[in-house]
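Inspection log for the structure reproduced underneath, given as structure tokens.
The values are calculated or read from the model by the stated rules, or taken from the named source; none is laboratory data. All of these numbers come straight from a predicted model, not from anything done at the bench. Cβ coordinates were reconstructed from backbone atoms using ideal geometry, including for glycine residues, and neighbour counts include every protein chain displayed. Surface accessibility is based on the protein's heavy atoms, side chains included, excluding ligands, DNA and RNA. Shrake-Rupley method; radii C 1.70, N 1.55, O 1.52, S 1.80 Å.
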Amino acid sequence: MEKQKSLFLSKLEENQDKLYRLCSIYSDNNEDSKDLFQEVLVQIWKSMSSFKGSSSIDTWMFRIALNVCLRFKSKYTKNQNRFIRLDSITICNIGSEIEIENNNEKLIALRKCVKKLNDGDKAIVALYLEGLAYREISEILGLSENHVAVKIKRIKSKLFNCINETS
């Protein structure tokens, strides 16, 4: 048990930013991203005893995270028509917000375009943007490496076109 806890904490420290960014792609706001990230961590912890080592633990963690995100997205889409979401009010320094927005205009456009992709393409691009190799992406998604390469090329083209349309 102590070994599992140690492994979990060390791998969490290594991958927490990547896992959080993956969660943010599948959620519409910061609060949902945090909730989804927390659910991912709970599911990884619950599954630690079932890790067999047939793939790297990082790949295994991403597979769990992706499955949790897809389940969340599915539940969210089903419930979306039943509830009206009231967003909280955020007060911030307008000058700094404008500066940040100007500096991150391309990043914001990229995020909006990624959110428009279908779930399969969204998963591929999220893992690709985290710097995972085609081999790792193929293991996580159950696709061939060649298929991942082709999909990434097509996704890049879609994103390029989308970003240019919004600019």
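Considering the range 43-71, and only residues there that are hydroxyl-bearing (Ser, Thr, Tyr) and in a helix (DSSP H, G or I), the residue that is nearest to Leu117 (Cα to Cα) turns out to be Thr59. Over 16 Å from the mean Cα position of the chain (by Cα) and open to solvent by 60 Å² or more (accessible area, probe 1.4 Å), is that true of Glu14? Taking the combined requirement at face value, the residue does not satisfy it. In the range 31-55, the residue that is most open to solvent (accessible area, probe 1.4 Å) out of those that are among the polar types (S, T, N, Q) and more than 23 Å from Arg135 (Cβ to Cβ) is Gln38.
Taking Lys116, is it in contact (Cβ under 8 Å) with a residue 24 or more places away in the chain and farther than 20 Å from Ala65 by Cβ? Yes; evaluated as a whole, the condition is true for this residue.
Could you list, in sequence order, the residues of the range 120-135 that are in a helix (DSSP H, G or I), touching a residue at least 60 places away in the same chain (Cβ under 8 Å) and surrounded by fewer than 20 Cβ atoms within 10 Å (Cβ to Cβ)? Correct list: Leu129 only. Could you please tell me which pairs satisfy a Cβ distance under 7 Å, a separation of 6+ or placement on different chains, a first residue in the range 140-165 that is more than 23 Å from Trp60 (Cα to Cα), and a second residue that is open to solvent by 60 Å² or more (accessible area, probe 1.4 Å)? From the range 140-165, the pairs are Cys162/Lys116. Taking (1) open to solvent by 60 Å² or more (accessible area, probe 1.4 Å); (2) within 21 Å of Leu141 (Cα to Cα); (3) modelled with pLDDT under 90; (4) among the polar types (S, T, N, Q) in turn, Thr77 satisfies each apart from (2).
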